[in-house]
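Rule-based calculations on the coordinates, nothing more; no lab input. Remember, it's a predicted structure, so these values are computed and weren't measured experimentally. Cβ sites come from the backbone with ideal geometry, for glycine too, and all protein chains shown count toward neighbours.
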């Protein structure tokens with residue numbers, strides 16, 4: 001059948017249109033990429049994000065700028081990226097809070113990060129150190145459990161705030177071990193550590209970098225770590241899981257993009273993140289800060305988010321944990 005004039009024109013134009021679209025994707029990124037984080041500048045989370053961003057920009061050939069948008073338990077940062085144009089230029093370094101907020105603070109957005117954000121790749125884990133005041137007559141998790149059972153309600157356990165991962169690590173310990181302890185929430189790890197030094201509280205899970213100076217001074221005693229592996233900084237300290245099998249409570253971060261971001265752009269970002277997390281120099285540098293850089297693809301991050309959303313959601317509901325007001 002002969003072509004109409006319109007069809008002929010359309011056919012003639014097609015080869016010009018498709019290569020131009022393909023070239024636009026191939027050119028990504030053609031300008032700076034912004035990586036949004038929900039944490040304040042200067043902290044370990046911010047410093048780790050910046051170290052990863054620095055390594056990614058070598059792969060992407062464009063600056064990767066870190067934008068700190070703090071507030072609402074990281075929901076401000078996550079919401080900004082979830083609603084952004086899906087072109088790969090505004091990304092989220094999302095954290096464990098994405099798995100916690102849906103159960104703890106269901107009114108925050110995005111209400112379901114599993115469907116409102118697209119995973120790009122996993123970045124790192126950071127375990128907590130369980131340390132106690134030296135006056136507490138325990139040196140192992142087993143001894144802590146025994147003491148707590150013999151003294152119900154007398155063990156004051158601090159955290160950096162209700163719903164923080166180190167608070168949920170405490171709740172996981174409490175439910176797994178069947179102990180009765182008193183939770184004392186603080187506004188951050190530093191004030192909690194001050195009170196632990198003064199024996200106003202007797203125990204807490206704390207970020208390794210915050211805890212180690214007190215441990216080395218003898219002001220506190222490390223008895224376990226919250227992840228499944230020992231820390232390079234404290235190789236003699238065993239995981240809680242050696243006493244309570246399956247125990248795993250860590251802070252983690254991974255890279256996310258808005259829904260609708262083109263697959264080739266996701267693939268480009270994923271490759272850049274993989275290059276960063278595979279870098280031996282970056283791994284060694286962050287291990288000195290108690291951070292375990294870990295390579296994981298989009299599917300791995302999707303699975304971590306789904307599993308932790310289920311785990312923390314169940315714990316929050318069963319323990320009746322409510323957000324601070």
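Distance between the 7 Å Cα→Cβ label points at residue 149 and residue 111: 4.3 nm.
Under the simplified labelling scheme, the residue 242-residue 299 pair shows an inter-label distance of 3.4 nm, with each label point 7 Å from Cα along Cα→Cβ.
Spin-label pair residue 324-residue 229: with each label point 7 Å from Cα along the Cα-Cβ axis, the two points sit 3.2 nm from one another.
Tell me whether segment 212-258 comes out rounded, prolate or oblate; compute the Cα gyration tensor, take square roots of the eigenvalues as a ≥ b ≥ c, and use a/c under 1.5 as the rounded threshold.
Oblate is the answer for segment 212-258, as a/c is 1.5 or above yet b/c matches or exceeds a/b.
When peptides 235-244, 110-119 are ranked by their average number of other Cβ atoms within 10 Å per residue, the highest-first order is 110-119, 235-244. In the chain, the longest principal axis of the Cα atoms and the axis of helix 5-26 are about 30 degrees apart.
The simple Förster model, with R0 at 35 Å and r as the Cβ-Cβ distance, assigns residue 85 and residue 288 a FRET efficiency of 0.40.
Rounded to two decimals, the Cα-based Rg/Rh of segment 75-179, with Kirkwood Rh, is 1.12.
Take the Cα gyration tensor of segment 127-242, multiply each eigenvalue by 5, square-root it, and list the three semi-axes largest first, rounded to whole angstrom.
18, 16, 14
If you bin the C-alpha pair distances of the chain every 10 Å from 0, what whole percents do you get? In order of increasing distance, the bins hold 6, 25, 30, 20, 10, 4, 3, 2, 1, 0 percent.
Across the chain, the mean sequence separation of Cα contacts (distance under 8 Å, 6 or more residues apart), normalised by length, yields a relative contact order of 26 percent. Once the C-beta distance of residue 198 and residue 263 is scaled by a Förster radius of 45 Å, the resulting FRET efficiency is 0.25 to the nearest 0.05. Judged by the ratio a/c of the largest to the smallest principal axis of the C-alpha gyration tensor, segment 158-201 counts as oblate, that ratio being 1.5 or greater while a/b is no larger than b/c.
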